[in-house]
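First comes the structure, then the notes that go with it.
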Amino acid sequence: MRAGLVLGAVWATKKSPALTGQSLLRVRCGETEYLAADLVGAGPGDRVILAFGAAARAGRPDVPVDAAIVAILDETEATHG
Amino acid sequence: MRAGLVLGAVWATKKSPALTGQSLLRVRCGETEYLAADLVGAGPGDRVILAFGAAARAGRPDVPVDAAIVAILDETEATHG
Amino acid sequence: MRAGLVLGAVWATKKSPALTGQSLLRVRCGETEYLAADLVGAGPGDRVILAFGAAARAGRPDVPVDAAIVAILDETEATHG
Amino acid sequence: MRAGLVLGAVWATKKSPALTGQSLLRVRCGETEYLAADLVGAGPGDRVILAFGAAARAGRPDVPVDAAIVAILDETEATHG
Amino acid sequence: MRAGLVLGAVWATKKSPALTGQSLLRVRCGETEYLAADLVGAGPGDRVILAFGAAARAGRPDVPVDAAIVAILDETEATHG
């Protein structure tokens, strides 16, 4: 997984039916911006955990998403080393 | 997923039979150009959502594609932060 | 998927039994060189479509390949934008 | 897999229910920092082996993780070549 | 797949039980060093073929590996173009 910052929402009228009702957020991880399904009610400015690949579809095999927000980060332990 | 810009179409006469009838579009995401199955009728100049890996085959396990256009983007909320 | 240029063949005597009979070609995509199973009879100099991950094993789940040539490109529409 | 250095822990109160009870650690591999499920009781400063994708969910298909610490490295043979 | 150079072995006493008995080698592909399950008896200095993702687990779904050495390269045809 990667830690990321939620930048805002995106909308799409013309889409795969399986995406209907799925909110999608823009999330920056390092230098790259991803679009992710929001599974926990995150919002702009939140630091979140992004899971990629089949992990983003855990329990929902036919939803065409390959990235999902699976948690909102509270704290991060000071870096060791 | 990634946001991308549709650049144009590609054609291939000699191909895996499972690709027959599948339209393929060139899509640029950041610095990289992908070839993606078009699932929503996108065209050159459209800003689209690309899903990668098994998400691109959702419901079609034996089609040899690893990237698909799953939506055409309407709007994007102003960037937070 | 990615577009790539076939550079030549590779051979391996000592290999996983499941690779027996599978021709493998060197293909350059952008800055990276991949080794791919050839499913359509491509040859050096051909511009091809590479599918990655499980898409490369579509219909052949136990063959240990993660990249396959699934088409030989004819034409590419002029770039839009 | 990749070798990585454990930097510390992260916590998330608001998360996918399937992550409950799963400790998550920050691990640096080369230039990139990942968040990984800890399967072997690693701690800050440990050099570990990270497995990605479905390998991180081996035996736990519905846990939304795409990276896991699967071993703590003892020694590494001197580099050949 | 990628071609890579075997650098040496790694050992790990504390590991996922499913890794028991699995020899792991350090393999450099371009600029990146991977740890891979050795399926063909490779050794330091060998040029090998690395398969990634589920291809590395072909026939062994619950082994937490995402990269495996599936062949030792004999020859490579001169580069075309």
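Side notes on the structure shown:
- Residue check: D:Gln22 meets all listed conditions (1) touching a strand residue (DSSP E or B) at 6+ places or on another chain (Cβ under 6 Å); (2) within 28 Å of E:Leu7 (Cα to Cα) but one, namely (2).
- Among the conditions (1) free of Cβ contacts under 8 Å to residues at least 40 places away in the same chain; (2) within 9 Å of chain E (Cβ to nearest Cβ); (3) of a type in the set (Phe, Trp, Tyr), the only one that D:Trp11 does not satisfy is (2).
- Given (1) free of Cβ contacts under 8 Å to residues at least 60 places away in the same chain; (2) under 24 Å from A:Gly53 (Cα atoms); (3) more than 7 Å from chain D (Cβ to nearest Cβ), index of the condition E:Val63 fails: (3)
- Filtering segment E:28-71 to residues that are under 19 Å from E:Val10 (Cβ atoms), at pLDDT 95 or above and among the β-branched types (Val, Ile, Thr) leaves E:Thr32, E:Val40, E:Val48, E:Val65, E:Ile69, E:Val70.
- Residue, surrounded by the most Cβ atoms within 10 Å (Cβ to Cβ), within segment A:1-15, restricted to residues that are of a type outside the set (A, V, I, L, M, F, W, C) and either at positive phi or at pLDDT 95 or above (or both): A:Gly4
- Filter result (facing another protein chain (nearest Cβ under 7 Å) and crowded, with 22+ Cβ neighbours inside 10 Å) within segment E:40-51: E:Ile49, E:Ala51
- The residues of segment E:14-35 that are at the interface with chain D (Cβ under 8 Å from one of its Cβ atoms) and farther than 13 Å from D:Val70 by Cα, listed by number, are E:Arg26, E:Thr32, E:Glu33, E:Tyr34.
The values are calculated or read from the model by the stated rules, or taken from the named source; none is laboratory data. Since we're looking at a predicted model, the values are computed, not measured. Note that each Cβ is placed from the backbone with ideal geometry, even for glycine, and that neighbours are counted across all protein chains shown.
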